[in-house]
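One structure is given here, and the rest of the page talks about it.
The values are calculated or read from the model by the stated rules, or taken from the named source; none is laboratory data. None of the values given here were measured: they were computed from a predicted structure. Neighbour counts run over all protein chains shown; Cβ positions are idealised from the backbone, glycine included.
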Amino acid sequence: MKRDVTMRQITFMYLFISVSTILRQVPQALAKEAGSSAYLSPLWSLIATIPLIGIIIYLMKAYPGLNFYEIMVQLLGKFVAKILILAYLLWLLLATTAKVTSYSLTLQFTLMPRTRSDFFMVIMMILVFYALLRGVKTVFRFSEVTLGTVLVIFAILFICAVSRLRYDYLLPVSTVHMMKTVLAAKNVAAVGGNIIIALFFGDKLGITVTKEQFHRLWFGVITFTALAFVIVLFTFGISGPSLTASLPFPFYITVKSISFFNIFERFEVLVTLICIMSDFAAISIFVVLLHRCFEWLFKLEHSEYLCIPLGIILFYATYYLSSTQFEFNYLYQKVLVNLNLVFEYAVPLLLTLVCLLRGKKIKEQY
């Protein structure tokens, strides 16, 4: 059977769309909530992300070949499933709006401070529209091909930055504020929960998903955690927790002081480019998920014609919800992080509990 997407592509997509948020929002949020010891928070996030992987694997094994909506219908009934899909649609719309805003604010903060944000939005929407016209495979393959290069760039950055680490920014670890580092881990877990995109594409993976394919999910979460830990560690170790907490893009400022053996500088331009590519992949995949939600909610066979009205909605929603840095920070830290925890963790957990209670019916059905 020829699959539309593979578990490898889903894992690479998960890592790639998470990169920009790890670089921009996570270090600042952790520094604000947990201070100098907050670089331990990515490790605490495993307490949430590892059970989430177990939940995803359990649901995919219990209902092989079914997507997220079909699993909801089997467990909760069609009416409740449609209500949940409507909630997911609104959440994805909000998340996409936030991604568009963060992308335009990043370019204004780094490379093009005098350019209007609507110019960046229009360019991104054109790119996303063109990519989706070529098919969702194009977006998955873009992430699959690009992620390796991104990880190599990060490896070079970290090697060059080791000599600039100030250990007085990192040590000693404050045991008094250890509980704050655990609570602050929600900012990392809210990004790590993006792995639930595997459930949305469960029907595209085919009926049989092998253990080797499931191992991709474990690889993705471990790699995500390691990447988040190292990025936060180096941001804190070079810029310090106080400066990290006050900057909208602290990793960018951190990288400005790094050079490649005193030969190649301006690494921060590469960081901005990585964020733009990550945002492009994230917006593209979120739009695909929005289309799928519309199809499930209204029984549409095709939703390609929704691209233009959806683009207009996103354009104006960005202005009304988070057109400035202050509005975006409030939207992300106070609203989106908490909503991510609900839709990425709470709802799948609820489905798993119902699935466990109805175990006999599942066995009879399959």
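Of the residues making up segment 131-148, those that are touching a helix residue (DSSP H, G or I) at 6+ places or on another chain (Cβ under 9 Å) and either of a type in the set (Ser, Thr, Tyr) or not in a helix (DSSP H, G or I) (or both) are THR138, SER143, THR146. Residue pairs whose Cβ atoms lie under 8 Å apart, separated by 6 or more positions or on different chains, with the first residue in segment 307-333 and in contact (Cβ under 8 Å) with a residue 60 or more places away in the chain and the second part of a loop (DSSP other than H, G, I, E, B), are GLN325/PRO248; ASN329/PRO248. Contact annotation: residue pairs with Cβ atoms under 9 Å, 6 or more positions apart or on different chains, pairing a residue in segment 160-173 that is touching a residue at least 40 places away in the same chain (Cβ under 8 Å) with a partner that is in a loop (DSSP other than H, G, I, E, B) and exposed (fewer than 10 other Cβ atoms within 10 Å of the Cβ), are CYS160/PHE261. Is it fair to say GLU301 is at pLDDT below 90 and part of a helix (DSSP H, G or I)? Here the answer is no, as GLU301 does not meet what is asked. I'd like the residue in segment 317-331 that is of a type in the set (Phe, Trp, Tyr) and at pLDDT 75 or above and, out of all such residues, is surrounded by the fewest Cβ atoms within 10 Å (Cβ to Cβ). Step by step, filter segment 317-331, then rank; the result is PHE326.
Just one of the listed residues (LEU75, LEU90, LEU105, LEU94) is among the aliphatic types (A, V, I, L, M), surrounded by 21 or more Cβ atoms within 10 Å (Cβ to Cβ) and within 19 Å of the chain's Cα centre (by Cα), namely LEU105. Is one or more of the residues making up segment 42-60 in a helix (DSSP H, G or I), free of Cβ contacts under 8 Å to residues at least 60 places away in the same chain and more than 30 Å from VAL176 (Cβ to Cβ)? Within segment 42-60, one or more residues are in a helix (DSSP H, G or I), free of Cβ contacts under 8 Å to residues at least 60 places away in the same chain and more than 30 Å from VAL176 (Cβ to Cβ). Selection within segment 19-54: residues that are under 15 Å from the mean Cα position of the chain (by Cα) and of a type in the set (S, T, N, Q). The member of this set that is nearest to THR149 (Cα to Cα) is SER20. Restricting to segment 245-290, and then to whatever is of a type in the set (Asp, Glu) and modelled with pLDDT under 90, can you tell me which residue is farthest from THR235 (Cα to Cα)? It comes out as GLU265.
Against the test of being basic (Lys, Arg) and closer than 23 Å to VAL188 by Cβ, the options LYS82, LYS32, LYS61 yield a single qualifying residue, LYS32. Among the residues examined, ARG164 does not qualify as among the basic types (Lys, Arg) and more than 26 Å from THR235 (Cβ to Cβ). Of all residues in segment 97-106, one or more are touching a Lys or Arg at 6+ places or on another chain (Cβ under 8 Å), at pLDDT 80 or above and over 19 Å from LEU227 (Cα atoms).
Scanning segment 114-161 for residues that are at pLDDT below 85, surrounded by fewer than 12 Cβ atoms within 10 Å (Cβ to Cβ), more than 25 Å from ARG292 (Cα to Cα) and of a type outside the set (D, E, K, R) yields a count of 0.
Results for (1) out of contact with any strand residue (DSSP E or B) (no Cβ under 6 Å at 6 or more places or on another chain); (2) over 11 Å from PRO27 (Cα atoms); (3) not small (Gly, Ala, Ser), shown as yes or no for each residue.
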site: SER174; (1), (2), (3): yes, yes, no
site: VAL182; (1), (2), (3): yes, yes, yes
site: ASN187; (1), (2), (3): yes, no, yes
site: ALA190; (1), (2), (3): yes, yes, no
site: GLY202; (1), (2), (3): yes, yes, no
site: PHE236; (1), (2), (3): yes, no, yes
